[in-house]
Amino acid sequence: MTIFELLEQGAVLPFAGGVIDSSTDVSRPLVVVNPTRLSVDVRTSEPVHLAVLYTESRTSSVEITLAEQAHVSLVEIYLAKTLSAVEIRQQRASECHILSAVLCGANTSYKIGLLGDHCASELDAVAVATGDEHATVAVETRHEVADCRSRSWVKCVASGRSTGEFRGLVYVAPDAQRTDAEQQNRNIELDGARIVATPQLEIYADDVRCSHGSTVGYADAEAIFYMRQRGLSEADARRLQIEGFVRDVVGRCRTAPICALLDERVVEKLSEI
Amino acid sequence: MLVVKDLHASVGDKEILRGISLEVKAGEVHAIMGPNGSGKSTLASVLAGSDKFTVTSGEATFMGEDLLSLSIEERARKGMFLGFQYPVEIPGVSMANFMKIAVNERRKYRGEEPLTAAEFLRLMREKSAVVELDSKLTSRAVNEGFSGGEKKKNEIFQMAMLDPTLAILDETDSGLDIDALRIVATGVTRLHREDNATVVITHYQRLLDYIVPDFVHVLYKGRIIYSGDKSLALRLEKEGYDWLINDYKE
């Protein structure tokens, strides 16, 4: 399945950016392929599903503004070596879920600004690097005002001679009291690959709940033993475990026809490990 | 079926199994008991092929073949099943997907065709009923978010799916409430036949009320120091291990 087939079937709608308001058809996911400069202004409280696909190497910038009470679900799929910067600006009581899959040597950064109270931001990202790729996911979540919640969950798998990199920052401004922020990062390093992880917190308010964690591990020997004990070959057990590690993130996709496409690309990518 | 002769195994410099000999024949149920740290779980892991331990001497054959030269998965495909004391959670790997590969590997070894999707689903339904495992759990990730009881039921469910020749159940009863214990134990009993065998490792006699053993062995400091019939388990329950250990010390 390709995105073009989905467009042809009418399962998704093409989108070139601009304002999304009550007159925009948001009954189906809006799709953008290979943007150079994309600016989206969401001014409706209807749930909006947006998908961005990167299939060509280029530099790209995406800016999405969520007005009060806007709900956006953004899926980003990187299939080419892209240098991309995504900036999200959220006004009061808006909610944004980002699912990002970096399936190549792309360098992606997310800057999420929580500018109005009672916003929620959730980000699930996975990077799979093979060969000599360098895949980067950077996430900066900025709690500029009080009473917002954010969660980011980033996983990287690196195999071969590749590098998987995670850079995380949660910033909590002096007045951003009652912030609830969580940032988690899990990595698996296979063969001679390398993981670089730099999780950071910058907190200037005192009444906050912030948790973060980052781990780098190899394949889980206990899980491999368990699966082999049930008759799976070592190769199958390793493949299933890595697939599971990645699927744990990909499974959180909320944009139906895009999820199926993402699943296929993930399986293809994992076959390179 | 399984013949173990003077098996020694170590982890690092520490010898944990210090000369185990055991013979299990088709149709038999063996119980292995013993105080904590006597080597019961190590014995189970070594027989299953865990590379955490090094076999330093002795021999073991399974179905007439040299067990120790077989890989973990070869042992499994030939019909050896280890029910884990602590079943492992594998996030993102669905029970169905995992079991499908496992069942078809076992079938391939037996020279049988892989199951069709419909046959596999039917088998899953039928076998999950053996241990009253909620069928919703089989569509979840392996053991993830399962309660202690569900994990143990899930072990016996997998045992039912794979139809092993020899099942070694490592403290399958630990952490189970009375109802779960009955369900798990009844499941194991229902799977017992004249052409297969079961080894249960347990601390408690109560499991053996359901799974009646032909032989009870007491493992202490890496050796089987005493073997008897099911009455031995009852005596151990009443009197503890001291009388045996003292005997052994003299």
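Overview of values
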{"item": "Length gained when the stretch A:Asp263-A:Phe4 is fully extended (0.36 nm per residue, less Cα-Cα span)", "result": "91.6 nm"}
{"item": "Shape box of the range B:2-245 [Cα atoms, principal axes, largest first, Å]", "result": "54, 40, 34"}
{"item": "For q = 0.10 Å⁻¹, Debye-computed log10 I/I(0) when each Cα of the range A:3-270 counts as one equal scatterer", "result": "-0.51"}
{"item": "Cα-derived Rg over Rh, computed across the range A:155-244 with Rh taken as Kirkwood radius", "result": "1.17"}
{"item": "Rg over Rh [alpha-carbon atoms, Kirkwood Rh] for the range A:207-268", "result": "1.12"}
{"item": "Furthest towards positive pole of dipole, A:Ile224, A:Ala256, A:Ala106, structure part chain A, Cβ charges", "result": "A:Ile224"}
{"item": "0 to 90° range, to nearest 10: angle between helix B:95-109 axis and chain B longest Cα axis", "result": "70 degrees"}
{"item": "FRET E, pair B:Ser231, A:Thr215, Förster distance 56 Å, beta-carbon r, rounded to 0.05", "result": "0.65"}
{"item": "Stretchable slack from B:Tyr204 to B:Lys221, in nm (0.36 nm times residue separation minus alpha-carbon distance)", "result": "4.2 nm"}
{"item": "Kirkwood estimate for the range B:109-232, i.e. one over the average of 1/r between Cα atoms, Å", "result": "15.9 Å"}
{"item": "Proxy reagent accessibility, fewest Cβ within 10 Å first, across A:Lys81, B:Lys153", "result": "A:Lys81, B:Lys153"}
{"item": "Relative packing of B:3-12, B:33-42, A:157-166, which averages over residues the other C-beta atoms within 10 Å, highest first", "result": "A:157-166, B:33-42, B:3-12"}
{"item": "Footprinting exposure proxy for B:Ser57, A:Ser60 (fewest neighbouring C-beta atoms within 10 Å first)", "result": "B:Ser57, A:Ser60"}
{"item": "Sites B:Val3 and B:Glu126, calculated FRET efficiency, Cβ-Cβ separation with R0 41 Å, nearest 0.05", "result": "0.80"}
{"item": "Spatial separation of Cα centroids for the range B:214-246 and the range A:94-134, in angstrom", "result": "59 Å"}
{"item": "Projected area, mean over directions - the protein assembly as shown, Cα convex hull, nm²", "result": "28.2 nm²"}
{"item": "Inter-chain shielding of A:219-225 (mean C-beta neighbours from other protein chains, 10 Å cut-off)", "result": "5"}
{"item": "Restraint check, B:Lys25/B:Lys136; B:Lys25/B:Lys238; A:Lys81/B:Lys52; B:Lys40/B:Lys127; A:Lys155/B:Lys127; A:Lys269/B:Lys127, Cα-Cα greater than 31 Å", "result": "B:Lys25/B:Lys136; A:Lys81/B:Lys52; A:Lys155/B:Lys127; A:Lys269/B:Lys127"}
{"item": "Check: chain A dipole with +1 on Lys, Arg Cβ and -1 on Asp, Glu Cβ, in debye", "result": "360 debye"}
{"item": "Paramagnetic reach from A:Glu234 in the range B:72-99 [backbone N under 19 Å; point 7 Å along Cα→Cβ]", "result": "B:72-78"}
{"item": "Dipole magnitude of the protein assembly as shown, debye to nearest 20 (Cβ charges: Lys/Arg +1, Asp/Glu -1, about Cα centre)", "result": "540 debye"}
{"item": "Computed Rg/Rh of the range B:54-103, alpha carbon atoms with Kirkwood Rh", "result": "1.06"}
{"item": "Mean separation of Cα contacts under 8 Å, 6 or more apart, over the residue count of the range A:3-270: relative contact order %", "result": "12 percent"}
{"item": "Tilt relative to chain B, helix B:178-191 - C-alpha long axis, 0 to 90 degrees, to 10", "result": "80 degrees"}
{"item": "Point-to-point label distance, B:Ala118-A:Gln69, nm (Cα→Cβ direction, 7 Å offset)", "result": "5.1 nm"}
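All of the numbers you see were taken from the coordinates with simple rules; none came from a lab. Computed from a predicted model, the values in this text were never measured in an experiment. Counting neighbours? That spans all protein chains shown, and the Cβs are built from the backbone with ideal geometry, glycine included.
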